[in-house]
Amino acid sequence: LKAVIRYGVGYDNIDLNEACNREVIIANTPDYGTEEVSDTAMAMILNITRGVTRYDHKCRKYISNWQENTISNIKRTSDIKLGVIGAGRIGGSVILKANAMGFQTSFYDPYRDRGYEKMLQSNRFDSLDELLADSDIISFHAPLSNETYGMVNESFISKMKDGASFVNTARGKVVKSLDVFLEPLKSNKLNCVSLDVLPEEPPINGVLLNEWRARADWLDGRLIINPHSAYFSSQSFKEMRQKAAKNALRVINNQEPFNIIKLK
């Protein structure tokens, strides 16, 4: 075995230490679905901002005063602070799209060079806690690692601004458990939670998951779950396989493959 080429971004299912010991090259394909994932994150952010699914849930019961039934905590886009965790290909793309939409953007990413914030025209926080306390919406775009595994837990949520929202289109296991969102959503500590990825896929039973499946009225469209589909379009599905195959061919032809994963 010379190399393992992941036909996707994540490589947390590969034992990097063992591969290193055996001198096996590990590479991934991080550049195939940037537009798709960042678009999904933006769709979730805009849904939170404008309350689309909340209105859909609520207005089924409206009988009178149809257009006067507004959600009071909805703010103008330019008044909303979007905080991005992980400003790589996808997180950076989200920032640029959000800038164009008029959001106030910030990010936390200790692995980006100084001055990177100027390229993104975004505010940079050197402290995760400061980003959490400042942001109305948090969008998570960091890879799964020992550092990020279970990072979104009770302590993480407690440091978020009251009434803030959370979006995750990165890796499911950066969230400790779906149920860490249960009480914060019930108490309105969190406004909305939107997830393309889950700690367990397919999801197992849990209190919050069961409430979501039952379309519990108290959730009123504030919890959105997608089946890990943000990567997909007919174009990206093909591109992912083509790029992985071409990268494997480089190994066969004794060329160094692209996107080699190195131990940190």
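The values are calculated or read from the model by the stated rules, or taken from the named source; none is laboratory data. This one's a predicted model, so the numbers in the text were calculated from it and none came from an experiment. Please note: Cβ atoms are built from the backbone with ideal geometry, for glycine as well, and neighbour counts cover all protein chains shown. We work out accessible area using only protein heavy atoms, side chains counted, and drop any ligands, DNA or RNA first. Shrake-Rupley method; radii C 1.70, N 1.55, O 1.52, S 1.80 Å.
Values as computed for the structure displayed
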{"item": "Amide proton proximity set for Phe166, modelled H, under 5 Å, gap of 5+", "result": "Ile138, Cys192, Val193, Ser194"}
{"item": "Cβ-derived FRET efficiency at R0 45 Å, Asn69 paired with Ser158, nearest 0.05", "result": "0.90"}
{"item": "For the chain, accessible area per residue (1.4 Å probe, heavy atoms of protein chains only), Å²", "result": "54"}
{"item": "Karplus-derived 3J(HN,Hα), 6.51/-1.76/1.60, for each residue of region 66-77, Hz, glycine and proline x", "result": "3, 8, 8, 7, 9, 8, 5, 8, 6, 10, 5, 3"}
{"item": "MRE, 222 nm, helices only [DSSP H, n ≥ 4, -39500 (n - 2.57), over the chain, to nearest 500]", "result": "-10000 deg cm²/dmol"}
{"item": "Potential lengthening between Asp113 and Glu239 on full extension [0.36 nm per residue; Cα-Cα distance subtracted]", "result": "42.4 nm"}
{"item": "At most 14 other Cβ within 10 Å, DSSP loop - GluC sites (Glu not before Pro), region 1-91", "result": "Glu23"}
{"item": "Accessible-area order (highest first, 1.4 angstrom probe) of the listed residues Val52, Val9", "result": "Val52, Val9"}
{"item": "Charge dipole of region 96-228 about the Cα centre (unit charges at C-beta), most positive-ward option of Phe107, Val174, Ser187", "result": "Phe107"}
{"item": "Under-5 Å amide H pairs with Ile25, H placed in peptide plane, nonlocal only", "result": "Ala3, Val4"}
{"item": "Prolate/oblate/rounded call for region 109-260, Cα gyration tensor, a/c under 1.5 rounded", "result": "oblate"}
{"item": "Top positive-direction residue, dipole computed over the chain with Cβ charges, set Ile80, Ala164, Ile95", "result": "Ile95"}
{"item": "Vicinal HN-Hα couplings computed from phi for region 10-21 (Karplus, 6.51 cos²θ - 1.76 cosθ + 1.60; Hz; Gly/Pro x)", "result": "x, 9, 5, 8, 10, 7, 5, 5, 5, 4, 5, 4"}
{"item": "Helix 234-252 axis, angle to the chain major axis (alpha carbon atoms, nearest 10°)", "result": "20"}
{"item": "Total charge dipole magnitude, region 1-91, about the Cα centre, Cβ charges on Lys, Arg, Asp, Glu only, Debye to nearest 20", "result": "560"}
{"item": "Cα centre as origin, Lys/Arg/Asp/Glu Cβ charges: region 62-150 dipole, Debye", "result": "360"}
{"item": "Segment Glu201-His228, length gained on full extension (0.36 nm per residue, minus Cα span)", "result": "8.9 nm"}
{"item": "Solvent-accessible area of Asp129 with every protein chain in place, 1.4 Å probe, in Å² to the nearest 10", "result": "70"}
{"item": "Within the chain: Cβ-based charge dipole about Cα centre, in debye rounded to nearest 20 (Lys, Arg +1; Asp, Glu -1)", "result": "500"}
{"item": "Diffusion constant of the chain at 37 °C, which comes from Stokes-Einstein with the Kirkwood Cα-pair radius and 0.692 mPa s, µm²/s", "result": "166"}
{"item": "Length-normalised contact order for the chain - Cα pairs under 8 Å, 6+ apart - percent", "result": "22"}
{"item": "Accessible-area value, Ser155, 1.4 Å probe, nucleic acids and ligands omitted, Å²", "result": "60"}
{"item": "Region 1-136, relative contact order in percent, only Cα pairs under 8 angstrom and at least six apart counted", "result": "19"}
{"item": "Length added when fully stretched, Asp31-Arg215, from 0.36 nm per residue minus Cα-Cα", "result": "62.6 nm"}
{"item": "Greater than 26 Å apart at Cα, pairs in Lys61/Lys159; Lys97/Lys246; Lys97/Lys118; Lys81/Lys159; Lys58/Lys189; Lys176/Lys243", "result": "Lys61/Lys159; Lys97/Lys246; Lys176/Lys243"}
{"item": "Relative contact order of region 69-149, defined on C-alpha pairs under 8 angstrom at six or more residues apart (%)", "result": "38"}
{"item": "Val193, Val4, ranked by accessible area, largest first (probe 1.4 Å)", "result": "Val4, Val193"}
{"item": "Region 1-105: chymotrypsin sites (Phe, Trp or Tyr not before Pro) in DSSP loop, at most 14 other beta carbons within 10 Å", "result": "Tyr62"}
{"item": "Degrees between helix 89-101 axis and first principal axis of the chain (Cα, 0 to 90, nearest 10)", "result": "40"}
{"item": "Local electrostatic count, Asn205, Cβ distance below 14 Å [Lys/Arg +1, Asp/Glu -1]", "result": "-3"}
